[in-house]
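Notes follow the structure.
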Amino acid sequence: MTSLAPDPRPRPDLPPGLERLRGHIVVIKFGGHAMVDQGLSRTFARDVVRLRQAGVHPVVVHGGGPQISAQLDRVGLRSTFTAGLRVTTPEVMEVVRMVLAGQVQRQLVGLLNEHGPFAVGLTGEDAKTVTAVKRYAQVGGERVDIGLVGDVSKVDPGALHSLIRDGRIPVVSSVACGEEDPAYNVNADATAAALAVALRARLLVVLTDVAGLYADWPDTRQVIGQLTAGQLERLLPTLSGGMTPKMEGCLRAVRGGVPVVHVLDGRVPHTLLLHAFGPAAATGTATAGTGATAGTRIVPGP
Ligand SMILES: Nc1ncnc2c1ncn2[C@@H]1O[C@H](COP(=O)(O)OP(=O)(O)OP(=O)(O)O)[C@@H](O)[C@H]1O
Ligand SMILES: [Mg+2]
């Protein structure tokens, strides 16, 4: 059996951004939109295992927007988005849970486990890891009911810590226990952020299908290289689509004590190792902004 123990010896060969995170938890959100290509998913899985083998403790949270939409189409259910969140009827919720936990999570677990018995999949319902309360969307100052969509209200990281201690890589689907309803569909960025805070992660990496946060969306010429939490908070009301919950999550993570969040282009192979663990990530110098693939970095500050 493959050894789960990371090599404890110093590794001068590792990039400094990786070396300084050895022994620490990092949460990596793999967006459903970045996951449509099997080759990219395989590369991602290999990179996550490399982190693990270097002594970092990765926790993976995955999305599944396109995969859920495809299955809803197949079964003839329609769903819409309000403020970047999927309106979730009980019928849609069944599909969400089935696709996330039964399809997307299984695929990622399988790809990670091609390298050894590392990955264990769970949803926020398992061991009551994530609890949520009903969330309403805000549209033009109005509160809109979007069904079984939840906002994380509580995280119990016990099961995740056990898995991490055991040398495993938890792979979490963003379905949560409900306080009023049986289960909630939670945006995966929000789940990743809440887990990063509860696990005292040293880093949150969000892999998506764009080069980062564009300054003037839908114009894609300029990526914002770095933002402080304060700058991001002021920008939030101007954002749209999936970027709204994503950036809310990033803000929540940094305000909750995660020292840095990287939003990276998951369509670029090895972007995780290159940009979240490379030399620039270690020194804090913003390569971001100078090259499209370095993404957007969010750090504490006014
Ligand atoms: N300012 C912006 N900069 C970049 N992307 C933006 C911006 N505003 C809106 N977007 C949209 O946000 C999308 C990313 O969020 P989305 O929720 O669609 O993907 P994801 O979170 O990576 O995947 P999933 O939701 O399946 O986990 C981009 O593809 C783009 O269409
Ligand atoms: Mg999203």
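The values are calculated or read from the model by the stated rules, or taken from the named source; none is laboratory data. Everything numeric in this text was worked out from a predicted model, so none of it was measured. Heads up, the Cβs are rebuilt from the backbone with ideal geometry, glycines too, and the neighbour counts pull from every protein chain shown. Remember, those area values only see protein heavy atoms, side chains included, never the ligands or the DNA or RNA. Shrake-Rupley method; radii C 1.70, N 1.55, O 1.52, S 1.80 Å.
So how many residues does region 56-84 have that are out of contact with any His (no Cβ under 9 Å at 6 or more places or on another chain) and surrounded by fewer than 22 Cβ atoms within 10 Å (Cβ to Cβ)?
Looking only at region 56-84, we keep the residues that are out of contact with any His (no Cβ under 9 Å at 6 or more places or on another chain), and these are 58-62, 64, 67-84.
Narrowing the set further to residues that are surrounded by fewer than 22 Cβ atoms within 10 Å (Cβ to Cβ) leaves 67, 69-84.
Adding up the residues that qualify gives 17.
Looking only at region 211-223, decide whether some residue is in contact (Cβ under 8 Å) with a residue 60 or more places away in the chain, open to solvent by less than 30 Å² (accessible area, probe 1.4 Å), within 13 Å of the chain's Cα centre (by Cα) and near ligand 1 (Cβ under 8 Å from one of its atoms). The answer is no, given that none of the residues of region 211-223 is in contact (Cβ under 8 Å) with a residue 60 or more places away in the chain, open to solvent by less than 30 Å² (accessible area, probe 1.4 Å), within 13 Å of the chain's Cα centre (by Cα) and near ligand 1 (Cβ under 8 Å from one of its atoms). Pro117 fails exactly one of the following numbered conditions: (1) farther than 21 Å from Gly249 by Cα; (2) outside any loop (DSSP other than H, G, I, E, B); (3) open to solvent by 30 Å² or more (accessible area, probe 1.4 Å). What is the number of that condition? Only one criterion in (1) farther than 21 Å from Gly249 by Cα; (2) outside any loop (DSSP other than H, G, I, E, B); (3) open to solvent by 30 Å² or more (accessible area, probe 1.4 Å) is unmet by Pro117, namely (2). Looking at Val254, Val197, Val206, Val261, just one residue is within 11 Å of the chain's Cα centre (by Cα), more than 12 Å from ligand 1 (Cβ to nearest atom) and modelled with pLDDT of 95 or more, and that residue is Val261.
Annotation note: of Gln38, Gln107, Gln103, the sole residue that is over 23 Å from Leu199 (Cβ atoms), out of contact with any helix residue (DSSP H, G or I) (no Cβ under 6 Å at 6 or more places or on another chain) and at pLDDT below 95 is Gln38. Taking the criterion of being at pLDDT below 95, farther than 17 Å from Gly64 by Cβ and open to solvent by 10 Å² or more (accessible area, probe 1.4 Å), would at least one residue in region 181-193 satisfy it? There is at least one residue in region 181-193 that is at pLDDT below 95, farther than 17 Å from Gly64 by Cβ and open to solvent by 10 Å² or more (accessible area, probe 1.4 Å). The conditions of being within 26 Å of Ala253 (Cα to Cα), open to solvent by less than 20 Å² (accessible area, probe 1.4 Å), more than 16 Å from ligand 2 (Cβ to nearest atom) and in contact with a Gly (Cβ under 6 Å, 6 or more places away or on another chain) are not met by Gly32.
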